[in-house]
C-alpha cells in the first residue's frame, strides 16, 4: 500500500495554518515527539476532517487536527526494533509459532477417515442419530 501523504500546498489552505513543522504525516510512518519522549505511528489521515490518527508505541490511540500536527515538533524515525510495544507481554517465541502450518494432507485427513469408514460399510454419526 502506498504511503498516504497530504500535499503541503493543500495543507497551507486548511484553516490558514501556521506551518512550523515541515514533517508531513505519512500513513505507516513512525515519528518521535521529543517534547513528550513518545514514539508513534500514523495509522490514518482523514482528508475531509483534516485529522491525523496515530497509535503510540504503547498501543494507545490518539487523533490530531492538522493544525495541531504542524504545531508539534515531530521527527520521522525508523520503525522501532521492538515493534511489539502495543502488544502486552508477548513472548518472542509467540511471534513465530513452530509447527502450526497446515499441509493439504492435514486438511484432508478427517475427510479421508470418514470416507474409509463409509466405504467399509460403517455408519456415519448422522445415520446413527436417525435411529
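Bear in mind these aren't lab numbers, they're just calculated from the coordinates by the rules spelled out. Bear in mind the structure is a predicted one, so any value in this text is a computation, not a measurement. We place every Cβ from the backbone using ideal geometry, glycine too, and count neighbours over all the protein chains shown.
Brief remarks follow.
- Ranked by the mean number of other Cβ atoms within 10 Å of their residues, highest first, the peptides 42-51, 72-81 come out as 42-51, 72-81.
- Label-to-label distance for residue 61 and residue 35 is 2.4 nm, based on points extended 7 Å past Cα in the beta-carbon direction.
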